[in-house]
Amino acid sequence: MRQSAPGLSVELRQENHSPVRISRLINSIYYFIENVFIASENESYRLVAVHHGNLLTNETYKTAKGARIAFFKFWSYRAWEEGVKPKWSRFYPPDPEWLEKQLKGKTT
């Protein structure tokens, strides 16, 4: 669907300033999407949505709030019920193997 920056895994691995931290969409199942997360990068936030190994979204935003708003704007139509609001976790360091698996998704 949407993709703006190829090579996400390389970009995240090359970040030297701080380890990657993510905030996951806790209720992604309500949007019929397997995994959605926001990865903090140097001074930006990358919104990533992956479903069945397909990279659906890979967009960069200036703030985490901007990434969250963008998710709701682009994906709210997929909510299983009207009025469902996205619920995000706090930022935390992900398991490196899990993150690499998510980032190796095919582009659609």
Of the residues Ser40, Ser76, Ser44, Ser89, which single one is crowded, with 18+ Cβ neighbours inside 10 Å and either among the hydroxyl-bearing types (Ser, Thr, Tyr) or over 13 Å from Leu25 (Cα atoms) (or both)? Ser40
Is there any pair with a first residue in the stretch 13-32 that is part of a strand (DSSP E or B) and a second that is at pLDDT 80 or above and among the hydroxyl-bearing types (Ser, Thr, Tyr) whose Cβ atoms are under 7 Å apart and which are 6 or more apart or on different chains, and what are they? Arg21/Ser40; Arg21/Tyr92; Ile22/Tyr92; Ser23/Ser89; Arg24/Ser89
Just need a number here: residues in the stretch 92-108 that are of a type in the set (A, V, I, L, M) and either open to solvent by 60 Å² or more (accessible area, probe 1.4 Å) or more than 14 Å from the chain's Cα centre (by Cα) (or both). 0
Complete set of residues in the stretch 40-80 that are in contact (Cβ under 8 Å) with a residue 40 or more places away in the chain and in a strand (DSSP E or B): Ser40, Arg46, Val48, Val50, Asn54, Leu55, Leu56, Thr57, Asn58, Glu59, Thr60
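The values are calculated or read from the model by the stated rules, or taken from the named source; none is laboratory data. Just so we're clear, the structure is a prediction, and the values are computed from it rather than from any experiment. Heads up, the Cβs are rebuilt from the backbone with ideal geometry, glycines too, and the neighbour counts pull from every protein chain shown. Surface accessibility is based on the protein's heavy atoms, side chains included, excluding ligands, DNA and RNA. Shrake-Rupley method; radii C 1.70, N 1.55, O 1.52, S 1.80 Å.
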